[in-house]
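Peer 1: Mind having a look at this structure? Questions to follow.
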Amino acid sequence: MIRVNVVVPGLPPLEWAGEAGSVEAPAHDVLLLAAAAGTDWTNDALGGPQQQAAPLLGFVPTEDFSLSARTRVRTERTTFDAAVLAIWGDHDHWAKLCFEYSPQGQAMVVSVVTNEYSDDCNSMLVSEESVYLRIIRSGEGWAFHSSIDGHEWVFVRVFRLAFDGPVRVGFLAQAPMGDRCLAEFDNIEYSTHVPADLRNGN
């Protein structure tokens, strides 16, 4: 792993999973990640080639936690570009929660869970320029949530990864079909206090 000289208060030290990407931290709780053209994560359920070219900037959790951030894409939107919170085990075991742009030209929350093949699911449409995303780890399980205001959370999905090794959790940008994607993450919050009920909006 590659350590980067980016410090976000309240977060464990951040490292790149695999190849290093491009990151800036213009303020104490703001990250800007740039994705190059053709970068994505997908293990096509229909048998297409795997893609894991988008670099993840993250940390290895050692206990239950929640990680949330307000996400937006600063560059002109292109199909499937996204600001992402992601979990990486290995090439066959990973998950991501995306503020993504659909082929129909709509911004939406999209989640992907991969245990060998990717289970891809569209969630709510987003009419605002940004949306809050959240990852929770609770024991062996994981949960994804989204929110417009960062207070009332909408349940996206709960799942497990069939992976026994350490995972890395953090921030990712992708630009599968565009020339570039600049993803912004701010209002970043990390806590080891996990909601007891993952479906009630807390």
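Peer 1: Considering only residues that are basic (Lys, Arg), surrounded by fewer than 19 Cβ atoms within 10 Å (Cβ to Cβ) and in contact with an Asp or Glu (Cβ under 8 Å, 6 or more places away or on another chain), which ones fall in the stretch 40-82?
Peer 2: Of all residues in the stretch 40-82, those basic (Lys, Arg) come to 70, 72, 74, 77.
Of the ones still in play, those that are also surrounded by fewer than 19 Cβ atoms within 10 Å (Cβ to Cβ) are 72, 74, 77.
The answer is Arg72, Arg74.
Peer 1: Looking at the stretch 174-190, which of the residues that are farther than 22 Å from Pro9 by Cα and not polar (S, T, N, Q) is surrounded by the most Cβ atoms within 10 Å (Cβ to Cβ)? Write out each step before concluding.
Peer 2: Our first condition is that a residue be farther than 22 Å from Pro9 by Cα; within the stretch 174-190, this holds for 174-181.
In the following step, the residues that additionally are not polar (S, T, N, Q) were identified as 175-181.
Working: Ala175: 26, Pro176: 21, Met177: 15, Gly178: 21, Asp179: 13, Arg180: 16, Cys181: 29.
So the residue we want is Cys181.
Peer 1: Considering only the stretch 158-180, state which residues are of a type outside the set (A, V, I, L, M), over 19 Å from Val23 (Cβ atoms) and not in a strand (DSSP E or B). First the steps, then the outcome.
Peer 2: Here is the first cut: in the stretch 158-180, the ones of a type outside the set (A, V, I, L, M) are 159-160, 163-166, 168, 170-171, 174, 176, 178-180.
Cutting the leftovers down to over 19 Å from Val23 (Cβ atoms) gives us 159-160, 163-166, 176.
Once the filter is applied, which keeps residues that are of a type outside the set (A, V, I, L, M), over 19 Å from Val23 (Cβ atoms) and not in a strand (DSSP E or B), the stretch 158-180 yields Arg160, Phe163, Asp164, Gly165, Pro166, Pro176.
Peer 1: Within the stretch 12-31, work out how many residues are surrounded by fewer than 18 Cβ atoms within 10 Å (Cβ to Cβ) and either modelled with pLDDT of 85 or more or over 20 Å from Asp90 (Cβ atoms) (or both). Spell out the reasoning first.
Peer 2: Filtering the stretch 12-31 for residues surrounded by fewer than 18 Cβ atoms within 10 Å (Cβ to Cβ) gives 12-13, 18-20, 22, 24-30.
Those left that are additionally either modelled with pLDDT of 85 or more or over 20 Å from Asp90 (Cβ atoms) (or both): 12-13, 22, 24-30.
Qualifying residue count, the stretch 12-31: 10.
Peer 1: Given Ser102, Ser138, which one is surrounded by fewer than 19 Cβ atoms within 10 Å (Cβ to Cβ) and touching a residue at least 40 places away in the same chain (Cβ under 8 Å)? Walk me through how you get there before you give the answer.
Peer 2: Numbers: Ser102 fails: touching a residue at least 40 places away in the same chain (Cβ under 8 Å).
Within the list Ser102, Ser138, the selection yields Ser138.
Peer 1: Now a separate question. Just checking, does the stretch 142-157 include any residue being under 14 Å from the mean Cα position of the chain (by Cα), of a type in the set (Phe, Trp, Tyr), part of a strand (DSSP E or B) and under 12 Å from Ile87 (Cβ atoms)?
Peer 2: Checking the stretch 142-157: at least one residue is under 14 Å from the mean Cα position of the chain (by Cα), of a type in the set (Phe, Trp, Tyr), part of a strand (DSSP E or B) and under 12 Å from Ile87 (Cβ atoms).
Peer 1: Does Phe171 satisfy the condition of being within 15 Å of Leu133 (Cβ to Cβ), touching a Leu at 6+ places or on another chain (Cβ under 9 Å) and surrounded by fewer than 16 Cβ atoms within 10 Å (Cβ to Cβ)? Break it down stepwise before answering.
Peer 2: Numbers: within 15 Å of Leu133 (Cβ to Cβ): yes; touching a Leu at 6+ places or on another chain (Cβ under 9 Å): yes; surrounded by fewer than 16 Cβ atoms within 10 Å (Cβ to Cβ): no.
Considered against the rule, which asks whether it is within 15 Å of Leu133 (Cβ to Cβ), touching a Leu at 6+ places or on another chain (Cβ under 9 Å) and surrounded by fewer than 16 Cβ atoms within 10 Å (Cβ to Cβ), Phe171 comes out as no.
Peer 1: Just wondering, is there one or more residues in the stretch 83-90 that are in contact (Cβ under 8 Å) with a residue 60 or more places away in the chain, touching an Asp or Glu at 6+ places or on another chain (Cβ under 8 Å) and farther than 14 Å from Ala183 by Cβ?
Peer 2: The answer is no; no qualifying residue exists.
Peer 1: Check Ala183, Ala196 and return the single one that is more than 17 Å from Val60 (Cα to Cα), in a loop (DSSP other than H, G, I, E, B) and of a type outside the set (Ser, Thr, Tyr). Step through it out loud before you land on a result.
Peer 2: Numbers: Ala183 fails: in a loop (DSSP other than H, G, I, E, B).
After applying the criteria, what remains is Ala196.
Peer 1: State the number of residues belonging to the stretch 141-158 that are surrounded by fewer than 17 Cβ atoms within 10 Å (Cβ to Cβ) and over 21 Å from Ser130 (Cα atoms).
Peer 2: 2
Peer 1: Could you check how many residues of the stretch 32-56 are modelled with pLDDT of 95 or more and within 29 Å of Val194 (Cα to Cα)?
Peer 2: Final tally of qualifying residues: 4.
Peer 1: Continuing with this model, one more query. Farther than 13 Å from Phe171 by Cα, charged (D, E, K, R) and modelled with pLDDT under 90: is that true of Arg3 in this structure?
Peer 2: On the way: farther than 13 Å from Phe171 by Cα: yes; charged (D, E, K, R): yes; modelled with pLDDT under 90: yes.
Yes.
Peer 1: Return the residues of the stretch 21-79 that are under 20 Å from Val112 (Cα atoms), in contact with a Pro (Cβ under 7 Å, 6 or more places away or on another chain) and either of a type in the set (Asp, Glu) or free of Cβ contacts under 8 Å to residues at least 24 places away in the same chain (or both); say none if nothing qualifies.
Peer 2: Matches in the stretch 21-79: Asp40 only.
Peer 1: Restricting the first residue to the stretch 117-133 and requiring it to be more than 11 Å from Ser147 (Cβ to Cβ), which pairs with a second residue that is outside any strand (DSSP E or B) meet a Cβ separation below 6 Å and a spacing of at least six or different chains?
Peer 2: So the pair list comes out as Tyr117/Asn43; Tyr117/Ala45; Ser118/Asn43; Ser118/Ala45; Leu125/Gln106.
The values are calculated or read from the model by the stated rules, or taken from the named source; none is laboratory data. No experiment lies behind these values; they were computed from the predicted model shown. Heads up, the Cβs are rebuilt from the backbone with ideal geometry, glycines too, and the neighbour counts pull from every protein chain shown.
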